[in-house]
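Presented below is the structure to which this report refers.
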């Protein structure tokens with residue numbers, strides 16, 4: 001991307017007005033469904049994803065039934081991000097043994113950033129000379145937001161993402177690794193249809209790789225590509241949409257090689273301190289009635 005990585009753009013969006021409005025609308029909507037009183041004085045404009053939407057033929061994909069997070073996050077992954085002119089911006093390393101990711105910026109200066117499967121971000125505070133861990137949202141809520149934002153911004157099939165989210169949520173894990181988790185979610189069959197045009201290309205020494213080119217004119221030249229084993233190996237995004245005004249194009253390259261990630265010792269901090277955290281009660285996720293349901 002032009003000046004900032006897509007990953008940083010996503011983090012910004014999660015804390016922006018649109019994400020906040022969607023979260024609050026979801027909270028209010030689900031609370032009403034459970035018979036909990038909410039105020040109607042404030043309204044929110046939601047024109048984005050809905051995980052309860054009709055996703056078509058439910059029999060098209062096999063329902064995920066996971067006994068552990070390791071069954072889903074079952075391989076090490078390296079993801080490199082290149083900007084619009086081919087410059088390497090950052091590299092993310094995912095260790096399936098610990099279910100954690102380390103991201104290294106290609107500037108030779110910025111300390112690595114870490115993510116774990118509980119939605120925590122570990123960043124180095126130079127002023128305090130220590131790593132600090134922060135939780136943007138609880139694991140399930142973070143996964144919910146990532147699934148919606150990622151599929152929206154990149155025009156990806158929603159059903160596989162939310163199937164993965166639901167299956168992981170049931171076992172206390174989540175989708176907290178941003179774009180890299182696409183390597184565990186998507187398969188070539190998810191892109192069959194009119195939204196993408198399939199072609200066979202060469203990659204990694206094989207002539208049997210599958211590339212799915214976007215049909216949407218707002219994503220000119222965009223594609224997603226899989227190797228002969230059906231593994232995600234490349235994702236190129238180029239768009240005219242306003243959300244990417246400063247970062248209109250970029251390429252993610254995925255490889256599958258052994259990685260080692262060790263989460264640093266860190267001091268825990270809150271990303272939602274003070275009255276806002278008390279108001280949203282984020283530690284209770286998107287279904288606070290599970291904790292304080294009013295008996296009638």
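None of the figures in this text is laboratory data; all of them are computed from the coordinates on show. Just so it is clear, the structure is predicted and the values come from calculations on it, not from any experiment. Cβ coordinates were reconstructed from backbone atoms using ideal geometry, including for glycine residues, and neighbour counts include every protein chain displayed.
Which parts of segment 157-187 would a label at residue 204 reach, counting a residue when its backbone N lies under 19 Å from a point 7 Å out along Cα-to-Cβ? The answer is 179-187, whose backbone nitrogens lie closer than 19 Å to the label point.
Cβ-Cβ distance of residue 170 and residue 260, R₀ of 30 Å, FRET efficiency by 1/(1 + (r/R0)^6): the value works out to about 0.55.
A simple spin-label model places pseudo-atoms 7 Å from Cα toward Cβ; at residue 197 and residue 132 they are separated by 5.0 nm. Between residue 189 and residue 70, the C-beta separation translates, for a Förster distance of 30 Å, into a calculated FRET efficiency of about 0.80.
For residue 241 and residue 87, calculate 0.36 nm times their separation in residues minus their Cα-Cα distance, and state this gained length in nm to one decimal.
Contour length minus Cα-Cα distance gives 53.2 nm.
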